[in-house]
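Enquirer: Sharing a structure, written as structure tokens. Questions coming.
The values are calculated or read from the model by the stated rules, or taken from the named source; none is laboratory data. Just so it is clear, the structure is predicted and the values come from calculations on it, not from any experiment. Please note: Cβ atoms are built from the backbone with ideal geometry, for glycine as well, and neighbour counts cover all protein chains shown. Note: areas computed on protein heavy atoms with side chains; ligands, DNA, RNA excluded. Shrake-Rupley method; radii C 1.70, N 1.55, O 1.52, S 1.80 Å.
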Amino acid sequence: MPDKVVEIQDLTVKYGTFTAVKGVSFSLGQGAFGLLGRNGAGKTTILRALLGLVPPDGGSLRVLGMDAARRPASVRARVGYLPEGQVAFPGMTGFQAVVYAGRLSGLPRRIARRRAHEMLYFAGLGEARYRPMEGYSTGMVQRVKLAMALVHDPPLLFLDEPTNGLDPAGRKQMLERVRELAGRRGKTLVLSSHILSDVEEVCDEALLLHEGRVLKSGVLAELTAAAPRVREVLAAGERERLEASLGERGISVIRVDRAGPFLKIRVGLPPGAGGREIFGAVAAGGGVVRSLVEVRRSLEEVFGEAVGGGA
Ligand code: ATP
């Protein structure tokens, strides 16, 4: 593998008169990388340009040392791609779809079938692999798509919103598989997502895209370090006293709602503070904490300042 697995320089991609990607540059070595951004930020367009599926209107793209615009077939042979959205293979079972993907990438029939079984097992699809895909749930389709991306054993993976449409258990399982691919199985991967926690669970580095431009990039922990951590506290007590007590300890009150006999208070923690400080502040304000949960942060909350005050 070359040192730089993916290299993009000043990439611009247009759809007609609309510019979806505007002068994006970045390079990736080996490891797991996040491509973060809201819907429409340009993530899919970048992945498709790297696969030679949309032509660049400017700039250059290299994948595994190859020019992606000039040698798209060679690039696609060495990349596993899990596309966004539904895939339709009318009349095919999940197993047949994965064998088909293997055959398309040049595997002999016998090997394609063996690999299809192995990768469907890895992706977590059991006996359902022999049923037509028309009856599949979103989660089952995502598993088939993962197996299709892996069937030819590529060293590099592009996974576009792999947790879309999954329930919490399915999401957890998918992220565990992706983490295993990047870890024990030694794949380099690009994970595109609009959910920060998905990327945090798998990747060390990330790139934040907004309206076709790179807003920030680097080590994920550093990118998110400055962002306030948000908690939701369910407490009994007097609203004014609790708010004042939290405020005195530098804990910002984002909003307060009534929840039956309790107050549901959303707070932002200053650096270094945690649950202990919240319990202390509520007690000092004459209240009692009933529960305390971490709020799953949205991209907007975490990168609010970077995208212009957050929307
Ligand atoms: P999503 O997760 O919703 O796909 P994304 O970050 O992957 O978001 P893209 O799919 O790359 O974003 O889309 C970037 C922009 O380009 C969006 O404004 C989208 O509407 C537009 N776009 C994408 N594909 C086309 C197309 N074929 N024709 C015209 N505009 C397009």
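Enquirer: With both bridge residues required to lie in the chain, what share of the DSSP beta bridges run antiparallel, to the nearest 5%?
Expert: Antiparallel: roughly 70 percent of the beta bridges in the chain.
Enquirer: Roughly how compact is segment 1-59, stated as its Cα Rg over 2.2 N^0.38 Å to two decimals?
Expert: 1.13
Enquirer: Determine the calculated [θ] at 222 nm for the chain from helices alone, applying -39500 (n - 2.57) to every DSSP H run no shorter than 4 residues and normalising by the residue count; nearest 500 deg cm²/dmol.
Expert: Calculated at 222 nm, the ellipticity per residue is -10000 deg cm²/dmol.
Enquirer: Another one. Per Stokes-Einstein, at 4 °C and 1.567 mPa s, what whole-number D in µm² s⁻¹ belongs to segment 1-100, with the Kirkwood radius over Cα pairs as the hydrodynamic radius?
Expert: Stokes-Einstein gives a translational diffusion coefficient of 87 µm²/s.
Enquirer: How large, in percent, is the carbon and sulfur part of the accessible surface of segment 6-223 at a probe radius of 1.4 Å?
Expert: 49 percent
Enquirer: Using only Cα atoms, tell me the angle between helix 239-248 and the longest principal axis of the chain; keep it within 0 to 90° and round to the nearest 10.
Expert: So the helix axis and the longest Cα principal axis differ by about 70 degrees.
Enquirer: What is the sum of charges around G286, taking Lys and Arg as +1, Asp and Glu as -1, for the other residues whose C-beta is under 9 Å from the C-beta of G286?
Expert: The answer is 0.
Enquirer: Separate question: Residue by residue through segment 47-60, what is 3J(HN,Hα) from phi via Karplus (6.51 cos²θ - 1.76 cosθ + 1.60, θ = phi - 60°)? Round to whole Hz and write x for glycine and proline.
Expert: 4, 5, 5, 5, 8, x, 8, 10, x, x, 9, x, x, 10
Enquirer: Rounded if a/c is under 1.5, else prolate if a/b is larger than b/c, else oblate: which is segment 227-297, with a ≥ b ≥ c the root eigenvalues of its Cα gyration tensor?
Expert: Because a/c hits 1.5 or more and a/b fails to exceed b/c, segment 227-297 counts as oblate.
Enquirer: Once every Cα of segment 152-263 carries one equal point scatterer and solvent is ignored, give the base-10 log of I(q)/I(0) from the Debye formula at q = 0.13, 0.16, 0.17 Å⁻¹, two decimals.
Expert: For segment 152-263 at q = 0.13, 0.16, 0.17 Å⁻¹, log10 I(q)/I(0) is -0.72, -0.88, -0.92.
Enquirer: Where the centre of each part is set by its Cα atoms, how far does segment 121-139 sit from segment 173-204, in angstrom?
Expert: A separation of 22 Å, based on Cα centres.
Enquirer: Also, I was wondering about something else. Using a cut-off of 12 Å between beta-carbons, work out the net charge of the residues near T93 (Lys and Arg +1, Asp and Glu -1, T93 not included).
Expert: Combined, the nearby Lys, Arg, Asp and Glu give 0.
Enquirer: Then there's this: For the chain, what's the radius of gyration and Dmax over Cα atoms, in angstrom?
Expert: 22.8, 72
Enquirer: Taking all protein chains together and a probe of 1.4 Å, list E294, E127, E243 from the most accessible to the least accessible.
Expert: Highest to lowest solvent-accessible surface, that is E127, E294, E243.
Enquirer: Kindly report the accessible area of the chain per residue (heavy atoms of protein chains, probe 1.4 Å, no ligands, DNA or RNA), in Å².
Expert: 48 Å²
Enquirer: For the chain, what is the relative contact order in percent, using Cα pairs closer than 8 Å and at least 6 residues apart in sequence?
Expert: Across the chain, relative contact order equals 18 percent.
Enquirer: Please compute the net charge surrounding Y136, taking Lys and Arg as +1 and Asp and Glu as -1 over other residues with Cβ under 11 Å from its Cβ.
Expert: Once all neighbours under 11 Å are counted, the net charge is +3.
Enquirer: With every protein chain in place, what's the accessible area of V289 (1.4 Å probe, Å², nearest 10)?
Expert: 30 Å²
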